[in-house]
Each structure stands twice: as structure tokens, then as C-alpha cells.
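Asker: Below is one structure. I have some questions about it.
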Amino acid sequence: MDTNTKTGEPRIDALTAAKMLEDIFDEAGASPNTMPASALAGYPDFQRQRFLPQRIVLIVILVLWLLIPAFFITPDYDIAQVSTNEQNLPVYTVEVDSVLPMKDVEAVLNGAKMPIYAKDSKTYAVEPDQNGRMEIRVTAVNNQVTVRSVDVNTVDDVGPKLISTSVEGSEVYLQMAENGTGVAYENIYAVGQTSGDIALPANYDRETGTIIFDLANEKWDVYIPDKRGNALHITVEIK
């Protein structure tokens with residue numbers, strides 16, 4: 001007999017175990033044991049090897065069962081306008097709150113896809129260039145989708161506002177009001193309907209919003225754009 005080095009418990013060698021089994025059967029008056037003691041000693045190892053595949057399968061099933069809820073987690077997020085950019089366009093951020101990484105984030109405005117860029121793994125930004133209904137579609141890696149919409153109404157899409165017009169001889173005086181992004185005075189021009197000539201303002205005053213043209217006798221189409229490219233078109237006639 002020796003000692004098990006792992007557990008510290010006494011361990012009987014195969015010969016001693018066989019002798020003990022033989023004595024036990026003799027005392028009980030039973031038929032002698034025909035199975036080798038070494039086979040009986042190895043039976044626990046046989047049992048462990050026999051049930052190992054079943055244990056692995058059960059562990060896999062348990063892991064998959066625990067992961068099932070993850071397949072149905074939908075991404076959550078908030079949309080908010082946070083600022084305006086250099087072109088005075090509104091900037092919206094999409095703040096994603098999800099334990100899963102994102103597969104795709106899309107923005108659609110009035111049916112047209114808009115560029116959207118990632119600021120970090122959970123924050124995205126989009127800059128709509130027109131008013132309307134903007135739809136944000138967020139898809140997580142488990143292919144679950146959340147779609148939300150926001151009304152965009154702060155994009156300047158109206159041209160400058162004309163307050164008054166007066167003509168004195170060949171000079172035309174236009175009084176403008178600041179509107180939205182402001183008047184782009186350096187881009188104002190007039191086109192003669194008959195001659196096709198192009199005339200630039202003789203003078204303008206940004207402080208008062210006054211524009212002065214010195215034009216020849218004919219009808220003129222005057223174009224007054226703002227800094228977003230929206231233009232006011234008016235017609236004046238010099239007689």
C-alpha cells in the first residue's frame with residue numbers, strides 16, 4: 001500500500017486489491033471474481049472519457065443559451081442638433097448607447113442618402129444641407145435595426161429679402177434686409193435682357209444693406225445671392 005501524491009489518501013496496489021477481493025468473495029460464498037483488479041481500478045477513468053463528449057456538448061449548449069438574448073438586442077441612440085458648420089449648416093450628432101458594436105449607420109434626407117461620419121465608436125455626425133425629414137438608420141452587428149426620424153428646419157434655403165427699390169435716372173437703389181446667412185455682396189450682378197451685358201453694382205454698403213447700380217436704358221435681371229447660394233431675382237427697367 002502506498003499514498004496518493006495528489007490527495008494524500010492511501011492507495012492499494014493491484015495485487016493487494018485482487019487478494020482482498022478474492023478473500024471477500026470467499027467469505028461471502030460467492031463465485032470468484034473473474035475481472036482483473038486493474039480493470040476495476042481503471043473504471044473511473046473509463047467513465048470520465050465516456051462522458052467527456054456529452055459534457056462538451058452540454059457546455060456549448062449552455063453558452064449558446066446564454067448568448068440568445070444578444071441576438072435580439074436592438075441599438076439605442078439619441079439624435080440632437082449641436083452646432084452649425086462653416087457653411088452655416090446644422091450639425092446633428094447620433095449618440096449610440098449599445099453594448100454591441102455597430103455594423104452600419106445611415107442618414108437619409110428627403111429620400112436621398114446623406115454623408116455621415118464617425119467621430120468615435122459610439123458617436124456619429126451628419127450635416128443636412130436642406131430642410132425636411134431626416135431618417136437615421138442604425139444597424140448593430142447582430143443585424144438588429146433601429147430607425148428614427150427628425151425634422152430639419154434650420155437650413156437657410158431662402159434668398160435675401162428686398163425691402164425697397166427706387167430708380168433715379170440711370171441709378172437703381174436696392175434696400176436689402178439681412179436674412180439667414182447674409183447677403184453675398186461680392187456676387188451680386190445684373191444681366192441686360194436685350195443686350196446680354198453684365199453689370200456689377202456701382203456701390204454697396206454692408207452696414208445699411210444698400211446696393212446701387214448704374215444701368216443703361218433697358219430691362220435688367222438682377223441677382224442677389226446669399227452666402228448659401230440662395231438668390232433673389234428681381235427685374236428693373238431703366239427708361
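Asker: Roll a 1.4 angstrom probe over the protein heavy atoms and tell me the percent of accessible area of region 86-126 that is carbon or sulfur.
Answerer: So the carbon and sulfur contribution to the accessible surface is 51 percent.
Asker: Hey, got the Cα dimensions of region 69-189 along the principal axes, in Å, largest first?
Answerer: Ordered largest first, region 69-189 gives principal extents of 80, 23, 18 Å.
Asker: Within 10 Å of each candidate Cβ there may be at most 11 other Cβ atoms; applying that plus a DSSP loop requirement, which GluC sites (Glu not before Pro) in region 175-235 survive? Kindly include the intermediate steps, with their values, before the conclusion.
Answerer: Details: sites: E178, E186, E207, E218; in loops: E178, E207, E218.
Taking region 175-235 and a limit of 11 other Cβ atoms within 10 Å, the loop GluC sites (Glu not before Pro) found are E207.
Asker: Quick one: which residues, 5 or more positions from T84 or on another chain, have an amide H under 5 Å from its amide H? H modelled 1.01 Å from N in the peptide plane, none for Pro or chain starts.
Answerer: The answer is V91.
Asker: Using the Karplus equation 6.51 cos²θ - 1.76 cosθ + 1.60 (θ = phi - 60°), what ³J(HN,Hα) coupling, rounded to whole Hz, does each residue of region 229-239 give in order, writing x for Gly and Pro?
Answerer: After applying 6.51 cos²θ - 1.76 cosθ + 1.60, I find x, 6, 10, 8, 10, 9, 10, 10, 10, 9, 10 Hz.
Asker: Hey, what do the phi angles of region 92-98 turn into as Karplus ³J(HN,Hα) couplings, whole Hz, using 6.51/-1.76/1.60 and θ = phi - 60°, x for Gly and Pro?
Answerer: With the stated coefficients, region 92-98 comes to 10, 10, 10, 9, 8, 10, 8 Hz.
Asker: Continuing with this model, one more query. Measuring from centroid to centroid over Cα atoms, what is the spacing of region 148-163 and region 50-129 in Å?
Answerer: 30 Å
Asker: Still on this structure, please answer the following. Please name which of V63, L100, I79 has its Cα lying farthest along the dipole of region 63-118 towards the positive end, using unit charges on Cβ (Lys, Arg +1; Asp, Glu -1) and the Cα centre as origin.
Answerer: Of the options given, the answer is V63.
Asker: What residues qualify as long-range amide H neighbours of T210, i.e. H under 5 Å apart, gap of 5 or more or another chain, H built at 1.01 Å from N?
Answerer: Distant-sequence amide H within range of T210: M176, D205.
The values are calculated or read from the model by the stated rules, or taken from the named source; none is laboratory data. Treat the numbers as computed from the prediction; the structure is a model and nothing was measured. With ideal geometry, Cβ positions are generated from the backbone for all residues, glycine too; neighbour counts draw on all protein chains shown. We work out accessible area using only protein heavy atoms, side chains counted, and drop any ligands, DNA or RNA first. Shrake-Rupley method; radii C 1.70, N 1.55, O 1.52, S 1.80 Å.
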